[in-house]
1. Examine the range 7-14 for a residue that is in contact with a Cys (Cβ under 7 Å, 6 or more places away or on another chain) and part of a helix (DSSP H, G or I), and state whether such a residue exists.
2. Looking at the range 91-111, which of its residues are outside any loop (DSSP other than H, G, I, E, B) and not β-branched (Val, Ile, Thr)?
3. So, in the range 15-41, of the ones that are outside any helix (DSSP H, G or I) and of a type in the set (Val, Ile, Thr), which residue ends up farthest from residue 55 (Cα to Cα)?
4. Given (1) assigned to a strand (DSSP E or B); (2) more than 14 Å from the chain's Cα centre (by Cα), identify the lone condition not met by residue 60.
5. Out of the residues in the range 1-25 that are surrounded by fewer than 16 Cβ atoms within 10 Å (Cβ to Cβ) and not charged (D, E, K, R), which is nearest to residue 62 (Cα to Cα)?
6. Out of 44, 69, which single residue is crowded, with 17+ Cβ neighbours inside 10 Å and not in a loop (DSSP other than H, G, I, E, B)?
7. What number of residues within the range 73-90 satisfy the criterion of being in contact with a Lys or Arg (Cβ under 9 Å, 6 or more places away or on another chain) and part of a loop (DSSP other than H, G, I, E, B)?
Amino acid sequence: MISLATIRKLESSIPIIVKSGKVVFGVNYVLWSLRNEPEKVKAIVVSRNPPPGFLDELDRIVESLDRKIPIIYSTKTNMELGDLCGRPHSISVMAIYDFGNATISEEELNE
């Protein structure tokens, strides 16, 4: 289980990750990424209010993979997550491919 302090640290790093790293936004793109290129996905961030049925599908896909991908359940709503990413729309889920210049690392999320 990821600690609340680690979740907060990741949330504060999201603007840096979006600007300097590589991310994918949206339910369909994240599910596609997990099915077709799971080796690139370092972490998944889910808003506090994802679409109905999405979490079941996400868990099913992640459990079928050969490696553990951390799923971070954000304290932010989808509107707040979109705002945090600098986007003018809601974001229910995002996949992180590269953390860029952020001070948080994949290892911290796998603890």
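1. Looking only at the range 7-14, we keep the residues that are in contact with a Cys (Cβ under 7 Å, 6 or more places away or on another chain), and these are 14.
If we keep only those that are part of a helix (DSSP H, G or I) too, we end up with 14.
The answer is yes; a qualifying residue exists.
2. To start, the set of residues in the range 91-111 that are outside any loop (DSSP other than H, G, I, E, B) comprises 93-98, 106-109.
Listed by number, the residues that qualify are 94, 95, 97, 98, 106, 107, 108, 109.
3. Going through the range 15-41, the residues outside any helix (DSSP H, G or I) turn out to be 21-26, 37, 41.
Within this subset, residues satisfying the condition of being of a type in the set (Val, Ile, Thr) are 23-24, 41.
Values: 23: 19, 24: 17, 41: 17 Å.
Restricting to residues being outside any helix (DSSP H, G or I) and of a type in the set (Val, Ile, Thr), the top hit is 23.
4. (1)
5. Residue satisfying both the conditions and the ranking: 1.
6. Working: 69 fails: not in a loop (DSSP other than H, G, I, E, B).
It is 44.
7. 5
Any read-out appearing in this document is the output of simple, stated calculations on the displayed coordinates, not a laboratory observation. Keep in mind that what you see is a predicted model, and the values were worked out from it rather than measured. Positions of Cβ are backbone-derived with ideal geometry, glycine not excepted, and every protein chain shown enters the neighbour counts.
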